[in-house]
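The values are calculated or read from the model by the stated rules, or taken from the named source; none is laboratory data. All figures in this text were calculated on a predicted structure; none of them were measured in a lab. Here Cβ is always computed from backbone atoms with ideal geometry, including for glycine, and neighbour counts include all displayed protein chains.
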Amino acid sequence: MKAAVSLLAACLLAHAQSPHLANIRQLTFGGQNAEAYWSPDGKRLIFQSTRPPYACDQMFLMNADGSGLHLVSTGKGRTTCGYFLRDNKHIIYASTHEAGDACPTPPDRSKGYVWGVFPGYDIYLATDAGKILKKLTTAPGYDAEATVNWKTNRIVYTSLASGDLDLWTMRPDGSHKQRLTTTIGYDGGAVFSRDGTKLVWRANYPATPEALERYKSLLAENTTAPMKMELVVANSDGSNARTITNYGCASFAPTFTPDGKKILFASNKNDCDTRKFELFLVNLDGSGLEQVTDFGGFTSFPEISPDGKSLVFCSDRNAKERYEFNIFVADWQ
């Protein structure tokens, strides 16, 4: 009887901590796996992973149950931010392989926790078997962080083409490039709503002369500081942009719920300047904040499946060693 009561209490606690999630399944085991995104038919995932024999992130595909995992990038340089096109047969991702076979030199962390915005990154179109068909960006400097809206067939990405880290859009063949943002600062990780009418992204707009000088100084060294990021929502052409969070922490990896009425994102708002990230839901005006996970470590990069029934995310939940991140799928409720 006592054991049954304990089991019931554990189940209730688990539900209280994650009322939106059920039947959590771990798909990868070991290494650094992140940014898993669905195929249009919901049967596959594309993600980046650092695992032997590769010294830095390469692009992989696997089935939605974790089977059939295989490399689809070149195995050279470093890759990031893969995404399927709407035909379910092609992918895009950013890679530095044309700038050199080796991994780019990591940024100097003596200046704090910074991300490398490596100038060798360009965005490539490939088949889902990994054959590169076209280089979509050619401007000097960083081009990465691309996602695709399957309804409008538009790609949104972050580029240094203007001299600042702005959002741009283009078609899947690389044509019709259009700059969306002009405010000085970092704009990245953008995602369209499913109907293609809205955008959400993470941003860091320096608010003081000192912050602006640091931003420009880091950017000159092809780095940026990611620990102060807020979420911005706008129309799909970049108009009517408004910042909807004001946590003073790092909020990123936003994605719209299928109905376009809420945003699911990761943040360390409960413990700023740490690696303790959880998933949250918020309305498009910043109201109605709700915590979705309470795993106690790093959880991020959520995306709801095309049919709205499953959530994929990255987490150090169940990690066996430091800096291990795995891909998980759960029923979305």
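For residues that are of a type in the set (Ser, Thr, Tyr) and modelled with pLDDT under 75, scanning just segment 1-45, find the one that is nearest to the chain's Cα centre (by Cα). Reasoning before the result, please.
First, pick out the residues of segment 1-45 that are of a type in the set (Ser, Thr, Tyr): 6, 18, 28, 37, 39.
Then drop every residue that is not modelled with pLDDT under 75, which leaves 6, 18.
Working: 6: 38, 18: 21 Å.
Filtering first and then ranking leaves 18.
Within segment 201-211, can you find the residues that are surrounded by 16 or more Cβ atoms within 10 Å (Cβ to Cβ) and of a type outside the set (S, T, N, Q)?
First, the residues of segment 201-211 that are surrounded by 16 or more Cβ atoms within 10 Å (Cβ to Cβ): 201-206.
Those that are surrounded by 16 or more Cβ atoms within 10 Å (Cβ to Cβ) and of a type outside the set (S, T, N, Q): 201, 202, 203, 205, 206.
Of all residues in segment 86-110, count the ones that are touching a Phe, Trp or Tyr at 6+ places or on another chain (Cβ under 8 Å) and more than 22 Å from residue 223 (Cβ to Cβ). Outline the logic, then answer.
Going residue by residue through segment 86-110, those that are touching a Phe, Trp or Tyr at 6+ places or on another chain (Cβ under 8 Å) are 86, 90-96, 99, 104, 107.
With more than 22 Å from residue 223 (Cβ to Cβ) added as a condition, the list becomes 86, 90-92.
Within segment 86-110, residues that are touching a Phe, Trp or Tyr at 6+ places or on another chain (Cβ under 8 Å) and more than 22 Å from residue 223 (Cβ to Cβ) number 4.
Hey, can you tell me all the residues within segment 153-196 that are hydroxyl-bearing (Ser, Thr, Tyr) and either surrounded by fewer than 17 Cβ atoms within 10 Å (Cβ to Cβ) or under 23 Å from residue 207 (Cα atoms) (or both)? If you could, list the steps in order and put the result at the bottom.
Going through segment 153-196, the residues hydroxyl-bearing (Ser, Thr, Tyr) turn out to be 157-159, 162, 169, 175, 181-183, 186, 193.
Result: 158, 159, 162, 175, 181, 182, 183, 186.
Could you check how many residues of segment 79-123 are part of a loop (DSSP other than H, G, I, E, B) and not charged (D, E, K, R)?
Taking segment 79-123 first, the residues part of a loop (DSSP other than H, G, I, E, B) are 85-89, 96, 100-108, 112-114, 117-121.
Then keep just the ones that are not charged (D, E, K, R); that gives 85, 88, 96, 100, 102-107, 112-114, 117-121.
Selection size over segment 79-123: 18.
Can you find even one residue in segment 309-327 that is of a type in the set (Lys, Arg), assigned to a strand (DSSP E or B), without any contact (Cβ under 8 Å) to a residue 60 or more places away in the chain and surrounded by fewer than 20 Cβ atoms within 10 Å (Cβ to Cβ)?
For segment 309-327, residues of a type in the set (Lys, Arg), assigned to a strand (DSSP E or B), without any contact (Cβ under 8 Å) to a residue 60 or more places away in the chain and surrounded by fewer than 20 Cβ atoms within 10 Å (Cβ to Cβ): absent.
Regarding segment 260-267, can at least one residue be identified that is crowded, with 18+ Cβ neighbours inside 10 Å, without any contact (Cβ under 8 Å) to a residue 24 or more places away in the chain and closer than 26 Å to residue 323 by Cα?
Taking segment 260-267 as the starting set, the residues that turn out to be crowded, with 18+ Cβ neighbours inside 10 Å are 263-267.
From the residues that got through so far, the ones that are without any contact (Cβ under 8 Å) to a residue 24 or more places away in the chain too are 267.
Now drop any that are not closer than 26 Å to residue 323 by Cα, which leaves 267.
Yes; the residues of segment 260-267 include at least one that is crowded, with 18+ Cβ neighbours inside 10 Å, without any contact (Cβ under 8 Å) to a residue 24 or more places away in the chain and closer than 26 Å to residue 323 by Cα.
Among (1) under 23 Å from residue 172 (Cβ atoms); (2) not in a loop (DSSP other than H, G, I, E, B), there is one condition residue 49 misses while meeting the rest; what is its number?
That leaves (1) as the condition not met.
Criterion first (out of contact with any helix residue (DSSP H, G or I) (no Cβ under 8 Å at 6 or more places or on another chain), in a loop (DSSP other than H, G, I, E, B) and closer than 23 Å to residue 146 by Cβ) does residue 237 satisfy it? Even if it seems obvious, please write down each step before you answer.
Numbers: out of contact with any helix residue (DSSP H, G or I) (no Cβ under 8 Å at 6 or more places or on another chain): yes; in a loop (DSSP other than H, G, I, E, B): yes; closer than 23 Å to residue 146 by Cβ: yes.
When the stated conditions are applied, residue 237 passes them.
Can you list residue pairs whose Cβ atoms sit under 9 Å apart, with the first residue in segment 127-153 being under 25 Å from residue 196 (Cβ atoms) and free of Cβ contacts under 8 Å to residues at least 60 places away in the same chain and the second being aliphatic (A, V, I, L, M) and in a loop (DSSP other than H, G, I, E, B)? Count only pairs 6 or more apart in sequence or on different chains.
Sorted first by the residue in segment 127-153, then by its partner, the pairs are 127/72; 137/161; 139/160; 139/161; 143/136; 143/160; 143/161.
Name the residues in segment 69-79 that are farther than 12 Å from residue 118 by Cα and either of a type in the set (Val, Ile, Thr) or buried (at least 16 other Cβ atoms within 10 Å of the Cβ) (or both), would you? Walk me through how you get there before you give the answer.
From segment 69-79, those farther than 12 Å from residue 118 by Cα are 69-76; that's our starting set.
Once the filter is applied, which keeps residues that are farther than 12 Å from residue 118 by Cα and either of a type in the set (Val, Ile, Thr) or buried (at least 16 other Cβ atoms within 10 Å of the Cβ) (or both), segment 69-79 yields 69, 72, 73, 74, 76.
Checking the structure you have, find out if any residue of segment 80-97 is surrounded by 19 or more Cβ atoms within 10 Å (Cβ to Cβ) and in contact with a helix residue (DSSP H, G or I) (Cβ under 9 Å, 6 or more places away or on another chain).
Among the residues of segment 80-97, not one is surrounded by 19 or more Cβ atoms within 10 Å (Cβ to Cβ) and in contact with a helix residue (DSSP H, G or I) (Cβ under 9 Å, 6 or more places away or on another chain), which makes the answer no.
Just checking, how many residues over segment 98-126 are surrounded by 15 or more Cβ atoms within 10 Å (Cβ to Cβ), of a type in the set (A, V, I, L, M) and without any contact (Cβ under 8 Å) to a residue 60 or more places away in the chain?
Selection size over segment 98-126: 4.
Counting only residues that are in contact (Cβ under 8 Å) with a residue 40 or more places away in the chain and among the polar types (S, T, N, Q), which one in segment 212-245 is surrounded by the most Cβ atoms within 10 Å (Cβ to Cβ)?
245
So, restricting to strands (runs of 3 or more DSSP E) that lie completely within segment 124-222, which ones have at least 3 residues that are of a type in the set (A, V, I, L, M, F, W, C) and under 21 Å from the mean Cα position of the chain (by Cα)? Walk me through it before giving the result.
Values: elements: 132-135, 143-149, 154-159, 166-170, 186-192, 198-204.
Once the strands (runs of 3 or more DSSP E) in segment 124-222 are filtered for at least 3 residues that are of a type in the set (A, V, I, L, M, F, W, C) and under 21 Å from the mean Cα position of the chain (by Cα), what remains is 143-149, 166-170, 186-192, 198-204.
Across segment 269-301, what is the number of residues that are over 16 Å from residue 245 (Cβ atoms) and not in a loop (DSSP other than H, G, I, E, B)?
3
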